[in-house]
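**Student:** Encoded as structure tokens, here's the structure I'll be asking about.
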Amino acid sequence: MFENYRKKSYDLLIYEALLRRLKGNFWFNDKIITGYKKEKAGYDGERAVDYTISTFRSNDFVILKGLRLNNPPFYFQIDTLILTKKFICILEIKNYKGIFSYDSKQHQLTQKVNGKTKSYKDPILQAEAQKNHLKTWLVHHGFFNLPIETLVVVAYPSTIIENMHQDASVYNKIIHTASLQLQIERLNNLYLKDSMNISSVHEIGRQLQQSDEPLRTNIVQQFGFNEHHFKEGVLCTNCNKSPMKRLYKKWLCPECQNTDAKAHEQVIFDYFLIHGDTITNSQCQQILKIKSSRTPHTLLTGMDLRKSGNNRTRNYHAPASQCYPQKSYIPANRLMRIQQESPN
Ligand SMILES: [Zn+2]
């Protein structure tokens, strides 16, 4: 089984950067916290399903996690795609919690919270729309007549889904993660013959991955932050105080005495996420708060970033969104406050 790595969305990386870098109470902002929670819940739900899939024991599967593809003039996103020799299966992953009612006659999904009713797009129709996009995409890439199945996967076992009209087809369309393997086996038994050989399965997987274009948005613009809103210098990777002091080939936190040779890297990645796609030596010198004009050059070069221009006008470019470090953190005290309470 081949499976790729689940990447954080670009928006989630930006929210994490804001929650790290904003000073004082500027981070305790309703839009930032709501946006962060929404992105994080989506990512966590998808990861819960990834875990279940990783326990599958089939050598013939190719699993692709998080695809955004262009089907001009549209883009479409697939949470997880399972490619097998017999069929392709789109998983639309939902991180709903609580009790949901699915109305297969009205094509509506509703949730009741504190006496109020919230309604959502029909997830079965959403998955069908992706199926049509994918079908067109495959034909454009020379792959014809491949059966495509769809499953809406509810990530958390505690979520209750009510099938209002006890519609038999819905039970095989909206499922819990725990029954995913059984459903894949059920689909596998529906098809008597293979639609393609294993090398075609891998070839389609390769082309899909190559065509993945993760969404890059500019959510920072809406907040109107300027340099005064942000902490200065390199944040300690242990206690999050700033700035760390530059010693020979490493950074020292005057607060907790932690040393770290690579503490500048997150600061530079955060600069890209919050401020823009390029950085110069002098901008880097400023954000790292260092005296030497030679050091930024050494540090930036060490990060293997794409370069353009020469000497004084040299720009170092942000990596593709899927190349950002995925294990970036949020200071523990802030994370705790986010989980405990919400701003007004
Ligand atoms: Zn420290």
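The values are calculated or read from the model by the stated rules, or taken from the named source; none is laboratory data. This structure is a prediction, so every number in the text was calculated from the model and none was measured. Note that we place each Cβ from the backbone using ideal geometry, even for glycine, and neighbour counts take in every protein chain shown.
**Student:** Based on this model, can you work out whether THR278 counts as at pLDDT 95 or above, farther than 17 Å from ASP11 by Cα and more than 16 Å from the ligand (Cβ to nearest atom)?
**Tutor:** Values: at pLDDT 95 or above: yes; farther than 17 Å from ASP11 by Cα: yes; more than 16 Å from the ligand (Cβ to nearest atom): yes.
Yes: the conditions hold for THR278.
**Student:** Given the criteria modelled with pLDDT under 95, surrounded by 16 or more Cβ atoms within 10 Å (Cβ to Cβ) and out of contact with any helix residue (DSSP H, G or I) (no Cβ under 7 Å at 6 or more places or on another chain), does LYS97 qualify? First the steps, then the outcome.
**Tutor:** Numbers: modelled with pLDDT under 95: yes; surrounded by 16 or more Cβ atoms within 10 Å (Cβ to Cβ): yes; out of contact with any helix residue (DSSP H, G or I) (no Cβ under 7 Å at 6 or more places or on another chain): yes.
Considered against the rule, which asks whether it is modelled with pLDDT under 95, surrounded by 16 or more Cβ atoms within 10 Å (Cβ to Cβ) and out of contact with any helix residue (DSSP H, G or I) (no Cβ under 7 Å at 6 or more places or on another chain), LYS97 comes out as yes.
**Student:** Hey, another quick one. Scan LEU134, LEU180 and give me the residue that is surrounded by 12 or more Cβ atoms within 10 Å (Cβ to Cβ) and either in contact with a Lys or Arg (Cβ under 6 Å, 6 or more places away or on another chain) or closer than 19 Å to LEU69 by Cα (or both). Don't jump to the end; show me each part of the working.
**Tutor:** Numbers: LEU180 fails: either in contact with a Lys or Arg (Cβ under 6 Å, 6 or more places away or on another chain) or closer than 19 Å to LEU69 by Cα (or both).
Exactly one of LEU134, LEU180 is surrounded by 12 or more Cβ atoms within 10 Å (Cβ to Cβ) and either in contact with a Lys or Arg (Cβ under 6 Å, 6 or more places away or on another chain) or closer than 19 Å to LEU69 by Cα (or both), namely LEU134.
**Student:** Then there is this: Among the strands (runs of 3 or more DSSP E) confined wholly to region 144-255, which include 2 or more residues that are within 16 Å of the ligand (Cβ to nearest atom) and outside the structural domain of THR298 (by TED's automatic domain parsing)? Talk me through it step by step, then tell me what you get.
**Tutor:** Numbers: elements: 148-154, 160-163, 174-176, 245-247, 250-252.
It comes to none.
**Student:** Sticking with this structure for a sec: When you go through SER119, SER104 one by one, which is the residue that is over 22 Å from TYR5 (Cα atoms) and in contact with a His (Cβ under 7 Å, 6 or more places away or on another chain)? Lay out the reasoning, then the answer.
**Tutor:** Working: SER119 fails: in contact with a His (Cβ under 7 Å, 6 or more places away or on another chain).
Unique residue meeting the criteria: SER104.
**Student:** What number goes with the only condition from (1) at pLDDT 90 or above; (2) surrounded by fewer than 13 Cβ atoms within 10 Å (Cβ to Cβ) that GLY205 does not pass?
**Tutor:** Unmet condition: (2).
**Student:** Name the single residue that is surrounded by the fewest Cβ atoms within 10 Å (Cβ to Cβ) among those in region 256-271 being within 15 Å of the ligand (Cβ to nearest atom) and of a type in the set (Val, Ile, Thr).
**Tutor:** THR259
**Student:** So, ARG20, is that one assigned to a loop (DSSP other than H, G, I, E, B) and either touching a Gly at 6+ places or on another chain (Cβ under 7 Å) or modelled with pLDDT under 95 (or both) or not?
**Tutor:** Working: assigned to a loop (DSSP other than H, G, I, E, B): no; either touching a Gly at 6+ places or on another chain (Cβ under 7 Å) or modelled with pLDDT under 95 (or both): yes.
No, not satisfied.
**Student:** How many of the residues making up region 261-297 are more than 25 Å from ASN218 (Cβ to Cβ), within 27 Å of the chain's Cα centre (by Cα) and not in a helix (DSSP H, G or I)?
**Tutor:** Looking only at that region, the number is 1.
**Student:** What about TYR191, is it of a type in the set (Phe, Trp, Tyr), surrounded by 12 or more Cβ atoms within 10 Å (Cβ to Cβ) and over 23 Å from ASN25 (Cβ atoms)? Let's see the steps before the verdict.
**Tutor:** On the way: of a type in the set (Phe, Trp, Tyr): yes; surrounded by 12 or more Cβ atoms within 10 Å (Cβ to Cβ): yes; over 23 Å from ASN25 (Cβ atoms): yes.
For TYR191, the condition - of a type in the set (Phe, Trp, Tyr), surrounded by 12 or more Cβ atoms within 10 Å (Cβ to Cβ) and over 23 Å from ASN25 (Cβ atoms) - is met.
**Student:** Further, regarding this structure: Which members of region 208-254 meet the condition of being closer than 30 Å to LYS86 by Cβ and touching a helix residue (DSSP H, G or I) at 6+ places or on another chain (Cβ under 9 Å)? Spell out how you get there, then give the answer.
**Tutor:** Start the filter on region 208-254 by keeping residues that are closer than 30 Å to LYS86 by Cβ, which leaves 208-214.
Passing the criteria: LEU208, SER211, ASP212, PRO214.
**Student:** Look at PRO325 and say whether it is part of a loop (DSSP other than H, G, I, E, B) and touching a residue at least 40 places away in the same chain (Cβ under 8 Å). Quick ask: steps written out before the conclusion?
**Tutor:** Working: part of a loop (DSSP other than H, G, I, E, B): yes; touching a residue at least 40 places away in the same chain (Cβ under 8 Å): yes.
In short, yes.
**Student:** In region 298-313, which residues are buried (at least 16 other Cβ atoms within 10 Å of the Cβ) and either more than 28 Å from the chain's Cα centre (by Cα) or in a helix (DSSP H, G or I) (or both)? Don't jump to the end; show me each part of the working.
**Tutor:** Pass one, region 298-313, residues buried (at least 16 other Cβ atoms within 10 Å of the Cβ): 299-300, 305.
Residues satisfying the conditions are LEU299, LEU300.
**Student:** Also, quick follow-up: Could you please let me know if GLY309 is of a type in the set (Gly, Ala, Ser), over 23 Å from LEU13 (Cα atoms) and more than 15 Å from the ligand (Cβ to nearest atom)? Break it down into steps so the answer makes sense when it comes.
**Tutor:** Numbers: of a type in the set (Gly, Ala, Ser): yes; over 23 Å from LEU13 (Cα atoms): yes; more than 15 Å from the ligand (Cβ to nearest atom): yes.
In short, yes.
**Student:** Also: Do we find that ILE78 is in contact (Cβ under 8 Å) with a residue 12 or more places away in the chain, crowded, with 20+ Cβ neighbours inside 10 Å and outside any strand (DSSP E or B) in this structure?
**Tutor:** No: the conditions fail for ILE78.
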